[in-house]
Amino acid sequence: MNLQEASERFHSDIATASLELDLLKEHRFVEEMSEILVEAGEIDDCLTCSYQGHGLKVDGYHFDEHFGTLYLIVAHWIDETDLSNARVTNTIVDNIFKRCTNFFERSLKKLYERIDISNEAHDLASLIYSLKNEINDVRIILITDGFAPKRSAEYDDVKGIRITRIIWDIERILLFTEKQEKEAIIIDFAEINGEAIPSLSYIDTDSRYRTYLSYLSGQFLADIYSQWGTKLLEMNVRVFLSARGKVNKGIRDTIIKEPNMFCAYNNGITVFAREIEEIPLGENIKGISKAIDFQIVNGGQTVASLYHTNKKQKADLSETSVQMKLIVINNEEDIGNLVPRISEYSNTQNRVSMADLNANDPPHPELHEISKRLRSPDPTGGSRESYWFYEKSRGSYEETKNLKARTPAQQKAFEAYYPKKQRFDKSLFGKVWNTFLKKPHIVCLGAQKNFANFNTWLKEQDEDWELFFKRTVALVNIWKEAEKIVARQKFEGYRHAIVTYTLAWIFEMTDSKVDLDKIWNKQNVDENILDSIEDMCYIVNEHIRNTDKNISEWCKKEECWKELRKKHYSLPKNIESSFISLESKENSYDPRTKDESEAVDFCKAQGFTAWLELSKWLKERNFLSPKARSQCYNIGRILKQNREPSVVLSKACKKIWVDSEVRGWNPKTQ
């Protein structure tokens, strides 16, 4: 890889995007890096909130409730494409880390009272203050487009909270974006544990993989999490955990009350490693001294509980042992196929599989190929030839260009056929469709969770994929135009939330009748739609801020979406000219997944009387929780009023019904 050329491309993309959205280059850099850090597994999500004060600076954040870890992003943008002039000194690095640490310390002392409530950093400062007793550790990630000194992760302590400092400079950024190189986690058992860990091994008959069985102390797992954080957990495990809430109570109680029984009660962890190093420990016994590219693919709940209980309850983990199954795949080419399957099959309770988080399974390859061959209409009415490129994995656009275009003339021709402004990635793919499916609160959950939700739905569709691709491009066009409109209004932050809620509201009010096929054919969006976006985004901006909650968290709630739908707005009559004509094929899609549809249908099939009787039956016997009994009553009342129950309530009630049958519930005998 030529770092200089890669740096020039990176800076050019930042400059183009910042110009389109009327953003400062540094702010666009932060937005781009938030996506890169998520893809690299450094962080699960990132909300941008660029703020500077005297001795203070922060640009983004994420709070991992499960582990009590606060991630703070701080940027140093120098806007220098010539790498020979892009050096960042240790003094600058230390100063930037100090300013971000100061923001955290001051936030513990009610800094939010001095920040305007419309500023996104107000949410962050308020969050830090309200959760000061729940924050276990802070990880500050410095991002810069310059060359920073090579420094290992550094540690500090503020008010008893561990602070970890990490650097992502231009070299590290480009190694990931251009070559998809991730930092491998190397666990040196001999160094951390004091000795290699004894193990039993099994090699399958065709030598595709090796399996090692061993035991680790609970303290060992808590310690390596303290060093590596959630990067230890494969992405699907992280997304699953974040959806599950906090520490498993049963595991926690065992750690505290019966630590010597932990190994008997717990299923242990499953780990993938690219390779291991072994040393002899005695006759016919070997020990694992080192594991390279160590990734936990099952057992994230166990690790979470051990770390959290050790940190918060000061539990002694010396008597806690955890079984480990470690798998090494011998053939490099099998890794991409086997690891996701190992993860999915070992996480039987996990509805977020690895397939939900990557874009390598159908129909993504098909859509990617369609994007390379399906010529888009010339918006001028001429014969100009161009294509929309679906970048299903980061870097695939540049990779395709390098394969097809060797000379400068060929590269220029490639960029004419595949303009950079006509490419979209899997993150935007998921955003535009979940917005069209009227799920803006899901979009606001963040790139990974939104894509997992969307991809589950997508895999269940039986579509004409070429038509689906055209409609995707239409939705991308609408989204990009909406982003420009919202950016021009100079609202204080929350741009993505305003965009997704505004568009979802338009799709709701028009009953999804906006003619996507027409937008594909014209390659632009009608003015009457754009005018509506401009009017409605003001209402949305006021709506999301009209709360005493954290605005970012409020946008993630379905209640926020339900309240917006109650508001009055009269669409201009001429917008009907943008609707589907009678001869067009309707673009109606059921936004629910198969599981969601089955849950709703199941609950409706029981009838309102059965749900009201079940609520009464559970209360008389004091079975299940008061919340479960209340949910049964609520769904009975909703069905009695001939209303459609929500997916969330239906899924909960279906489970309650099944659990009640185990306890003897039979509606026929009531």
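Computed from the coordinates by the stated procedures, all read-outs in this text should not be read as laboratory data. Since the model is a prediction, treat every value here as computed from it, not as a measurement. Backbone-built Cβ (ideal geometry, glycine too); neighbour counts: all protein chains shown.
With respect to the cross-link table entries Lys439/Lys655; Lys325/Lys654; Lys132/Lys490; Lys594/Lys640; Lys290/Lys311; Lys257/Lys654, which display a Cα-Cα separation exceeding 28 Å? Result: Lys325/Lys654; Lys132/Lys490; Lys257/Lys654 exceed 28 Å.
The length gained by stretching the chain between Asp334 and Glu399 to full extension, at 0.36 nm per residue less their Cα-Cα distance, is 21.2 nm.
Calculated FRET efficiency, Leu374 to Arg621, Cβ-Cβ distance, R0 = 56 Å: about 0.40 to the nearest 0.05. Name the cysteines of the chain that stand alone by the Cβ rule: no other cysteine Cβ under 4.7 angstrom. Unpaired cysteines in the chain: Cys46, Cys49, Cys100, Cys263, Cys537, Cys560, Cys603, Cys632, Cys653.
A simple count of charges around Glu385, restricted to other residues whose Cβ falls under 9 Å of its Cβ and scoring Lys, Arg +1 and Asp, Glu -1, yields +1.
Here is how the number arises for the chain: DSSP H runs of 4 or more residues each give -39500 (n - 2.57), the sum is divided by the residue count, and the result at 222 nm is -15500 deg cm²/dmol. Taking every alpha-carbon pair under 8 Å whose residues sit at least 6 apart, the range 255-324 reaches a relative contact order of 45 percent.
How large is log10 of I(q)/I(0) for the range 78-144 at q = 0.24 Å⁻¹ when the intensity is taken from the Debye formula with one equal scatterer per alpha-carbon? Reported log10 I(q)/I(0), two decimals: -1.03. Look at the alpha carbon pairs under 8 Å that are at least 6 residues apart: their mean separation over the length of the chain gives a relative contact order of 10 percent. If R0 is taken as 22 Å, the Cβ-Cβ distance between Ala487 and Asn574 corresponds to a FRET efficiency of 0.30.
The Stokes-Einstein estimate for the range 165-211, based on a Kirkwood radius over Cα pairs and taken at 10 °C with 1.306 mPa s viscosity, is a diffusion coefficient of 109 µm²/s. Considering only beta bridges that DSSP places wholly inside the chain, some 65 percent are antiparallel. Among 448-460, 123-135, sorting by the average number of other beta carbon atoms lying within 10 angstrom of each residue, highest first, gives 448-460, 123-135. Spacing of the modelled spin labels on Lys159 and Ala605, each 7 Å from Cα toward Cβ, amounts to 5.4 nm. Peptide packing: for 50-63, 250-263, 493-506, the average count of neighbouring Cβ atoms within 10 Å per residue gives the ranking 493-506, 50-63, 250-263, highest mean first.
Just checking my list (1) 26.8, 90; (2) 26.5, 85; (3) 28.9, 103 against Rg and Dmax of the Cα atoms in Å computed from this structure; which label fits? Answer by label: (2).
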